[in-house]
Amino acid sequence: MKVGLIGCVESSLLALNVLLSLKENNIDIVAVITKEKSTFNADYVDLSSVCKKNNIPYHFEKSEQKSQSLEFMRTYQPDIIYCIGWSYLLSNEFIDMPPKGIIGFHPAKLPENRGRHPIIWALTLGLNVTASTFFRMEQGADTGPILSQQDIHISHEDDAKSLYGKILKSMRVQIKTFTIELERGNVEFTPQDHSKATSWRKRTRKDGLIDWRMQAMDIYNLIRALAKPYPGAEFIYQEEYQSVWRSKVSQQLHSRNIEPGTILNISDTSMIVKTGGNSAIELYDLGMKQLPKVGDYL
């Protein structure tokens, strides 16, 4: 089975390496479309070095010349294409090109939670379960019939990096399993129940701004959602944005008479801030030029 691959992030590299390991199963990677650089993807990976090492034809897509990517892939006539880690929808002409279709990936429990930034939103909203889902692409975003879906449990300690690691671990097994079955013609696709569909919007910088009136647990979820490789949750102090990547909900209850944003305690490595209700949160990994004092306000 001739396979094409489209992607430019860590999960794309994982897929490429899994497919390379399946040569003895009659899997042949015939072409790769990737990007030479990216300021959009926090986990960007250049796939060209692996392609060069394995003599795989590759093409760097330019946003203003997408038609060239279509013609490049068409030259190699793949039976199927995997599109993993790509930031925009493919054209209908692209989707209709390979006989076995295009397999997309979405780290959420489809049909729920289609759309953008699924790892960040899952953590921000405090979900306990997400999923690693592969589906056959169609014109709509994340709407196609499901090929493989594996639940991913989210622990209280998970942040963006650790959750991504869990998803990658599941992806490795899923891709190997369904690729072999696709080559054998033994797979079934399950249509999504569109009546149960929900969708997440694109995250903006404003969504990562801490409001100290929020409950401490909500702030904790926001901080872990935007942990590295993402840019970090932010708050404003002395008219400058300050980033924070780690936190812990304070076990001590505090008077509701204390305004949210009040500094309750401070050390060389952390500070405790009053939050909504009677809660407080301890912030770590502070990159502040000047630390506030106890009693100051954020």
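Which residue out of 202, 206, 161, 169 is basic (Lys, Arg) and assigned to a loop (DSSP other than H, G, I, E, B)?
The match here is 202.
In region 22-70, how many are open to solvent by 90 Å² or more (accessible area, probe 1.4 Å) and acidic (Asp, Glu)?
Result for region 22-70: 3.
Could you grab me the full set of residues in region 1-27 that are closer than 21 Å to residue 72 by Cα and touching a helix residue (DSSP H, G or I) at 6+ places or on another chain (Cβ under 9 Å)?
Those that are closer than 21 Å to residue 72 by Cα and touching a helix residue (DSSP H, G or I) at 6+ places or on another chain (Cβ under 9 Å): 1, 3, 4, 5, 6, 7, 13, 15, 16, 19, 20, 27.
So which residues in region 144-156 are out of contact with any Pro (no Cβ under 8 Å at 6 or more places or on another chain) and either surrounded by fewer than 16 Cβ atoms within 10 Å (Cβ to Cβ) or polar (S, T, N, Q) (or both), if there are any at all?
Answer for region 144-156, where residues must be out of contact with any Pro (no Cβ under 8 Å at 6 or more places or on another chain) and either surrounded by fewer than 16 Cβ atoms within 10 Å (Cβ to Cβ) or polar (S, T, N, Q) (or both): 148, 149, 150, 151, 153, 155, 156.
Name every residue in region 182-225 that is open to solvent by 20 Å² or more (accessible area, probe 1.4 Å), in contact (Cβ under 8 Å) with a residue 24 or more places away in the chain, of a type in the set (S, T, N, Q) and farther than 30 Å from residue 264 by Cα, in order of residue number.
Those that are open to solvent by 20 Å² or more (accessible area, probe 1.4 Å), in contact (Cβ under 8 Å) with a residue 24 or more places away in the chain, of a type in the set (S, T, N, Q) and farther than 30 Å from residue 264 by Cα: 190, 198, 199.
Being open to solvent by 40 Å² or more (accessible area, probe 1.4 Å), in a strand (DSSP E or B) and under 17 Å from residue 216 (Cα atoms): is that true of residue 257 here?
When the stated conditions are applied, residue 257 does not pass them.
Just wondering, is there one or more residues in region 171-181 that are among the aliphatic types (A, V, I, L, M) and either surrounded by fewer than 16 Cβ atoms within 10 Å (Cβ to Cβ) or without any contact (Cβ under 8 Å) to a residue 40 or more places away in the chain (or both)?
Within region 171-181 (the criterion being among the aliphatic types (A, V, I, L, M) and either surrounded by fewer than 16 Cβ atoms within 10 Å (Cβ to Cβ) or without any contact (Cβ under 8 Å) to a residue 40 or more places away in the chain (or both)), the answer is yes, since at least one residue qualifies.
Could you check region 82-99 and list, in sequence order, the residues that are out of contact with any Leu (no Cβ under 7 Å at 6 or more places or on another chain), of a type outside the set (Phe, Trp, Tyr) and in contact (Cβ under 8 Å) with a residue 60 or more places away in the chain?
Of everything in region 82-99, those that are out of contact with any Leu (no Cβ under 7 Å at 6 or more places or on another chain), of a type outside the set (Phe, Trp, Tyr) and in contact (Cβ under 8 Å) with a residue 60 or more places away in the chain turn out to be 84, 85, 90, 98.
Condition check ((1) closer than 17 Å to residue 12 by Cβ; (2) part of a helix (DSSP H, G or I); (3) aliphatic (A, V, I, L, M); (4) touching a residue at least 60 places away in the same chain (Cβ under 8 Å)) across all residues:
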residue: 37; (1), (2), (3), (4): yes, no, no, no
residue: 52; (1), (2), (3), (4): yes, yes, no, no
residue: 55; (1), (2), (3), (4): no, no, no, no
residue: 74; (1), (2), (3), (4): no, yes, no, no
residue: 130; (1), (2), (3), (4): no, no, no, no
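Under 24 Å from residue 182 (Cα atoms), surrounded by 20 or more Cβ atoms within 10 Å (Cβ to Cβ) and not polar (S, T, N, Q), is that true of residue 135?
The answer is yes for residue 135.
The values are calculated or read from the model by the stated rules, or taken from the named source; none is laboratory data. Being a predicted model, the structure only gives us computed values, none of them experimental. For neighbour counting, all protein chains shown are included, and Cβ atoms are generated from backbone atoms with ideal geometry for every residue, glycine included. These area figures cover heavy atoms from the full protein model, side chains too; ligands, DNA and RNA do not enter into them. Shrake-Rupley method; radii C 1.70, N 1.55, O 1.52, S 1.80 Å.
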